[in-house]
1. Take the residues in the stretch 220-251 that are acidic (Asp, Glu) and surrounded by fewer than 18 Cβ atoms within 10 Å (Cβ to Cβ); name whichever of them is farthest from Asp282 (Cα to Cα).
2. Right, Asp142: under 30 Å from Asp254 (Cα atoms) and either among the hydrophobic types (A, V, I, L, M, F, W, C) or at pLDDT 90 or above (or both) or not?
3. Restricting to the stretch 252-283, name every residue that is closer than 16 Å to Ile313 by Cβ, of a type outside the set (Phe, Trp, Tyr) and surrounded by 16 or more Cβ atoms within 10 Å (Cβ to Cβ).
4. If I filter the stretch 83-95 for residues that are without any contact (Cβ under 8 Å) to a residue 60 or more places away in the chain and either among the small types (Gly, Ala, Ser) or in a helix (DSSP H, G or I) (or both), do I get at least one hit?
5. With the checklist (1) within 27 Å of the chain's Cα centre (by Cα); (2) surrounded by 15 or more Cβ atoms within 10 Å (Cβ to Cβ) in hand, flag the one item Tyr293 doesn't pass.
6. Of all residues in the stretch 67-91, count the ones that are modelled with pLDDT of 90 or more and surrounded by 14 or more Cβ atoms within 10 Å (Cβ to Cβ).
7. Applying the selection to the stretch 37-72, what residues are in a helix (DSSP H, G or I), within 21 Å of Asn107 (Cα to Cα) and in contact (Cβ under 8 Å) with a residue 40 or more places away in the chain?
Amino acid sequence: MTNEEEFMILWGQEKNMYGSWGEYIISTIFEYMESEEKINPQLFFKIPVKRRLKDDASLLDKAFYRGKLYDNPYQEIQDKVGVRFVVMLHTDVEKTNEIIKKVSENNDWHLDMSRDHISERDNSPMTFTYQSDHFILQNNNDIKFNNTIITRGTTCEIQVRSLLQHAYAEVTHDTTYKRKTSATPDVIRTIAKTMAFIETADDFFVSVTEKTNQNMDIRIEQTLDPIFHELTSIKPISLNSSKIIFDTFEDHIDECTAKIENFLSKNMYLMTSIQERSTSSDFYKQSVILFIYWLIKTKKYDVQDRWPLNWKIIIALAQDLGMSLKRHT
């Protein structure tokens with residue numbers, strides 16, 4: 001393929017296939033996270049995950065005008081579709097990378113790491129620049145998804161970044177990477193100082209999170225959300241009210257996580273009450289409801305002493321369990 005017309009004809013024929021490939025990758029990774037890792041992707045990823053197709057002009061520019069010297073640009077350009085995962089901290093980047101590798105192995109996908117920010121940092125310890133992990137993922141067999149055949153060998157670029165790395169990339173991408181003229185030494189030095197600050201800040205945030213157990217509410221939601229969805233068919237949401245409840249009863253979270261499934265198996269009738277109330281109140285679309293039921297049943301006096309929200313909520317849920325509670329505060 002040597003000219004733009006042939007390139008765009010083929011791209012027009014395959015654009016939908018590439019879009020389907022990106023969507024299939026996202027759905028497969030999300031399904032694995034929920035079923036195997038007990039992680040809610042909607043909470044874990046800090047920016048909605050969507051597949052991104054290169055627009056026609058950008059694709060043509062990369063293929064023919066940016067000095068890449070491709071022999072066959074259509075085949076050699078591997079990021080015609082891309083998926084970006086943005087997480088909170090660099091430790092979450094590492095976890096996401098492991099998940100991507102496991103999903104690729106399970107589905108017989110070919111995975112190459114085309115950019116590893118840890119290796120780049122180790123090889124150039126005095127350099128502070130763009131950081132992001134990039135993978136090129138290909139299917140080894142034809143896949144049918146959404147009535148589209150994704151042919152063997154279709155590529156997708158996967159990017160994994162922390163939230164701070166993403167902010168850096170968004171600010172610097174167009175101002176330095178795509179500029180036709182070189183950035184001045186002053187601009188380059190300022191950008192390098194910014195990345196040095198980002199690395200330091202990320203390390204501090206990881207340390208604070210580990211010392212304060214700050215993500216306790218996220219971890220229990222990652223456990224409860226899939227169970228809630230499976231039992232009620234309601235897609236769980238997370239409101240500030242759930243965070244207040246988890247914070248108040250943080251000392252019971254580990255015990256609940258270990259015992260909640262056994263508790264629910266003996267009280268399946270509660271799901272009907274949740275479904276009925278969820279039609280008129282978003283509060284009951286939160287998986288924290290399962291935690292509250294468990295608290296009422298097993299920590300009655302704690303609930304009476306420490307319940308932080310409107311007491312009417314507890315009265316209704318206690319009645320579902322055939323119990324009567326009296327507020328102590």
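The values are calculated or read from the model by the stated rules, or taken from the named source; none is laboratory data. Predicted, not measured: the structure shown is a model, and the values here were computed from it. We place every Cβ from the backbone using ideal geometry, glycine too, and count neighbours over all the protein chains shown.
1. It comes out as Asp251.
2. no
3. Once the filter is applied, which keeps residues that are closer than 16 Å to Ile313 by Cβ, of a type outside the set (Phe, Trp, Tyr) and surrounded by 16 or more Cβ atoms within 10 Å (Cβ to Cβ), the stretch 252-283 yields Leu270, Ser273, Ile274, Arg277, Ser278.
4. yes
5. Every listed condition holds for Tyr293 apart from (1).
6. Counting residues in the stretch 67-91 that are modelled with pLDDT of 90 or more and surrounded by 14 or more Cβ atoms within 10 Å (Cβ to Cβ) gives 13.
7. Glu37
Residues are listed down the side, and each one gets a yes or a no for (1) under 25 Å from the mean Cα position of the chain (by Cα); (2) at pLDDT below 85; (3) part of a helix (DSSP H, G or I); (4) more than 16 Å from Val81 (Cβ to Cβ):
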site: Ile136; (1), (2), (3), (4): yes, no, no, no
site: Ile149; (1), (2), (3), (4): no, no, no, no
site: Cys156; (1), (2), (3), (4): yes, no, no, no
site: Ala169; (1), (2), (3), (4): yes, yes, yes, yes
site: Ala183; (1), (2), (3), (4): no, yes, no, yes
site: Lys193; (1), (2), (3), (4): no, yes, yes, yes
